[in-house]
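The values are calculated or read from the model by the stated rules, or taken from the named source; none is laboratory data. Bear in mind the structure is a predicted one, so any value in this text is a computation, not a measurement. All Cβ positions, glycine included, derive from the backbone under ideal geometry; neighbour counts span all protein chains shown.
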Amino acid sequence: MSNPHISLPQGSLEKQTTTLNLGPTHPATHGVFQNILEMDGERVVSAVPTVGYIHRAFEKIAERRPYYQIAPLTDRLNYCSSPINNMGWHLTTERLLGLQLPKRVEYLRVIIMELARISDHIICNGVVGVDTGAFTGFLYIMEFRELAYEIYEEVCGSRLTTNIGRVGGFERNFSNAAFEKIERFLKEFPKALKEFETLLVRNRIFIERTQGVGAITAERALNYGFTGPNLRAAGVDYDVRVAHPYSSYGDFKFDIPVGTTGDCYDRFLVRGEEMWQSLSIIRQALDKIQDLPADVYHADVPAYYLPDKSDVYTKMEALIYHFKIVMGETDILPGELYNAVEGANGELGFYVISDGGRSPYRLHFRRPCFIYYQAYPELIHGAMLADAVVCMSSLNLIAGELDA
Amino acid sequence: MTNEQIQSRLIEKFGEALTNFEESYGMLSFHAPKELNLKVLQFLYDDETLQFRFLTDITAVHYPDQVGAELAVVYHLQNLTTRTRLRFKIFTSVASPQVFTATRLYASANWMERETYDFFGIDFVGHPNLIRILNVDEMDYFPLRKEFPLEDQTRVDKDDDMFGR
Amino acid sequence: MARPVQYNTKIKTVEAPQGYSGEGFFATSFDKVIGMARANSIWPLPFATSCCGIEFMATMSAHYDLGRFGAERLGFTPRQCDLLMVMGTISKKMGPVLRQVYLQMAEPRWVIAVGACASSGGIFDTYSVLQGIDQVIPVDVYVPGCPPRPEAILDGFMRIQELVGQESLRRRHSDQYKALMNSYGIE
């Protein structure tokens with residue numbers, strides 16, 4: 001059946017289109033995304049994306065929970081880089097409370113956040129490789145995600161949904177083993193990353209498959225609300241870490257890589273370069289904490305930071321604080337705050353309205369990939385079906401974050 | 001560009017229409033009448049000194065106690081050259097939640113407004129495709145309004161008086 | 001001089017089932033042979049929706065290597081697979097899709113619910129989340145954790161292998177099994 005609403009490209013042989021349902025459980029969609037594609041032969045004429053297949057009502061849950069219990073929810077937003085989300089939420093709460101953190105805590109946070117950025121980009125770039133036919137690179141570089149996991153385990157005890165850190169600092173100090181593992185990561189990962197890039201960056205097949213695919217101009221990208229590496233690949237140097245420095249990012253020297261065409265190849269390169277920059281930031285942070293007292297891992301804010309367990313059993317004051325914090329009865333002044341961090345795939349914003357109660361009156365997450373995924377039909381218009389798959393994986397869409 | 005400059009420029013243009021100017025955590029915020037939401041957005045976009053051309057976010061808040069202005073639609077904007085953020089709100093009653101859509105100005109507003117509709121039932125007049133986005137189409141209420149329960153109502157095994165339900 | 005090729009000498013073969021053997025023959029029951037063959041060549045269908053899916057990626061890749069258990073071949077089509085691995089939150093919007101995928105699988109089929117969300121809804125006791133996939137399809141093994149560690153997923157997988165290996169050939173025709181299917185509205 002030919003569809004009167006669809007105009008076919010010039011020179012089209014067949015004068016009718018086919019409807020193709022891609023997803024929501026198609027393996028190439030890397031998540032639960034459904035697209036109803038209108039195909040003219042191999043070419044995509046139009047796409048209608050459907051989302052919401054793992055909508056979990058984070059915002060409603062957050063209205064029932066004390067502030068510190070929202071951190072585990074943020075884990076499950078962008079689960080490829082949960083530490084950034086955790087830190088984002090802690091930073092938001094701290095800004096709401098007006099807490100100042102010691103420098104060492106901020107540097108440690110930067111280390112963890114940049115590790116998370118690397119491990120997120122590992123998945124995204126690895127998967128772009130898989131979708132263009134290079135499974136080897138993915139298997140190879142996934143090994144280094146395991147190393148990053150081991151570091152998180154050393155710091156907080158869990159691998160993926162980390163719930164790392166607390167309001168006011170970390171739950172415990174970094175052990176020597178953690179620093180050793182970070183050193184090991186810094187030593188071994190650059191070699192692997194170099195090899196991974198050698199495998200793909202100048203690879204003829206990879207270039208042919210990604211260059212010019214899913215391109216977007218800077219103007220359209222801004223209009224579509226792109227942020228993060230996808231926006232930078234289009235040539236806009238907007239990075240929350242620099243534009244609105246949070247934590248201690250103002251103390252570090254790093255470059256923001258930008259692309260020119262905004263296609264899949266540029267997105268791949270931008271992510272690759274960001275990993276190198278993150279490695280350099282981690283190195284700088286490690287150097288900086290050398291001069292700082294090694295036993296500081298949280299701010300001295302007894303009203304908001306859980307006291308030591310031995311104090312809870314022996315000191316009245318500590319017991320009261322412990323009780324108040326655990327029951328979520330800490331005092332939070334009414335206020336309204338929008339705080340953003342640079343998530344691995346864009347600007348992750350927390351819009352919180354406090355009415356002075358134990359839980360936020362309203363909490364809204366600005367999820368970057370929810371906002372930029374709506375450009376997908378425009379990105380793949382006129383592209384081949386196989387290009388549509390590459391384009392989707394290079395956008396770094398995380399279903400859990402997108403559907404909130 | 002300071003928040004005072006933005007405020008005076010806005011008052012110059014809209015006069016008394018914009019109210020409740022305040023600065024919290026360094027961000028300027030104000031209230032606008034709901035008929036003017038597009039005019040304000042367009043002015044902020046076009047004005048040569050303001051240039052708020054990046055729509056960060058659209059969401060809504062439900063205040064059941066404010067009769068006649070139960071729903072607030074919140075816009076977050078950013079000027080990417082001076083890196084200034086701005087927030088403004090419009091209020092609408094829950095009985096007639098009609099608000100003009102920003103999709104003509106920002107392509108990104110499309111899904112943000114669909115999400116806001118899905119959660120709060122705000123009817124964005126002129127939206128090209130205002131249907132539910134995250135929830136199932138059959139849903140007959142707007143779950144983030146305060147009167148609706150969070151929990152899944154089909155569950156019977158959680159009835160602990162102290163902790164569960 | 002060392003050989004240029006190295007052979008893996010640490011191969012562990014599955015033990016032969018109980019039976020009678022004599023010169024030139026080995027007799028045992030069909031159940032056991034088929035069970036043994038099935039248990040060691042399971043084709044999983046990963047139905048990964050969220051966080052647990054990422055842990056499954058780790059389970060699949062080189063470090064934990066699910067392939068050691070005879071599940072090297074991930075089938076991405078329900079028609080060819082016999083183990084449905086549901087990993088991650090299943091929302092009410094996704095429920096019918098999951099059921100459809102289950103119905104498309106051929107008998108005998110097994111289901112493993114990986115993670116708290118798939119098992120019970122987990123922390124998401126909300127209006128949009130299905131409170132455990134056993135509301136729409138029967139489940140054989142539940143793996144707890146949010147998300148479970150790869151070791152836990154492997155353990156769940158080995159439990160499935162046990163079930164598969166011991167299953168009677170008549171089970172799928174029994175009245176009990178038919179009653180179970182009917183309770184889910186599946187003919």
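Results, tabulated for the structure shown:
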read-out	value
Flag for C:E151 being among the charged types (D, E, K, R), closer than 16 Å to C:F69 by Cβ, surrounded by fewer than 23 Cβ atoms within 10 Å (Cβ to Cβ) and over 13 Å from the mean Cα position of the chain (by Cα)	yes
Some residue of segment A:225-245 being over 23 Å from B:A109 (Cα atoms) and assigned to a helix (DSSP H, G or I)	yes
Index of the failed condition, A:L363 passing every other in (1) aliphatic (A, V, I, L, M); (2) touching a residue at least 40 places away in the same chain (Cβ under 8 Å); (3) away from chain B (no Cβ under 11 Å)	(3)
Sole residue being in contact with a strand residue (DSSP E or B) (Cβ under 6 Å, 6 or more places away or on another chain) and more than 30 Å from A:E38 (Cβ to Cβ), chosen from A:L73, A:L96, A:L108	A:L96
Residues of segment B:19-78 classified as part of a loop (DSSP other than H, G, I, E, B), more than 22 Å from B:A95 (Cβ to Cβ) and of a type in the set (F, W, Y), total	2
Selection count where residues are in contact with a Gly (Cβ under 9 Å, 6 or more places away or on another chain) and of a type in the set (F, W, Y), scope segment B:33-66	1
Condition met for B:R132 (within 18 Å of A:G225 (Cα to Cα) and at pLDDT 90 or above)	no
Helices (runs of 4 or more DSSP H) contained entirely in segment A:124-224, each with at least 3 residues that are closer than 30 Å to A:V301 by Cβ and not basic (K, R)	A:135-156, A:176-200
Residue within segment C:20-31 that is closer than 27 Å to A:Y149 by Cα and either surrounded by fewer than 20 Cβ atoms within 10 Å (Cβ to Cβ) or facing chain A (nearest Cβ under 9 Å) (or both) present	no
Segment C:44-69 - residue that is of a type outside the set (D, E, K, R) and surrounded by fewer than 17 Cβ atoms within 10 Å (Cβ to Cβ) and, of those, modelled with the highest pLDDT	C:G67
Some residue of segment A:49-67 being within 14 Å of another protein chain (Cβ to nearest Cβ) and over 27 Å from A:T162 (Cβ atoms)	yes
Residue ranges of helices (runs of 4 or more DSSP H) in segment C:73-187 with at least 2 members under 18 Å from C:A48 (Cβ atoms)	C:95-104, C:116-120, C:150-166
Matching residues in segment B:80-126 - criterion: being part of a loop (DSSP other than H, G, I, E, B) and more than 13 Å from chain A (Cβ to nearest Cβ)	B:S93, B:V94, B:A95, B:S96, B:P97, B:T101, B:G121, B:I122, B:G126
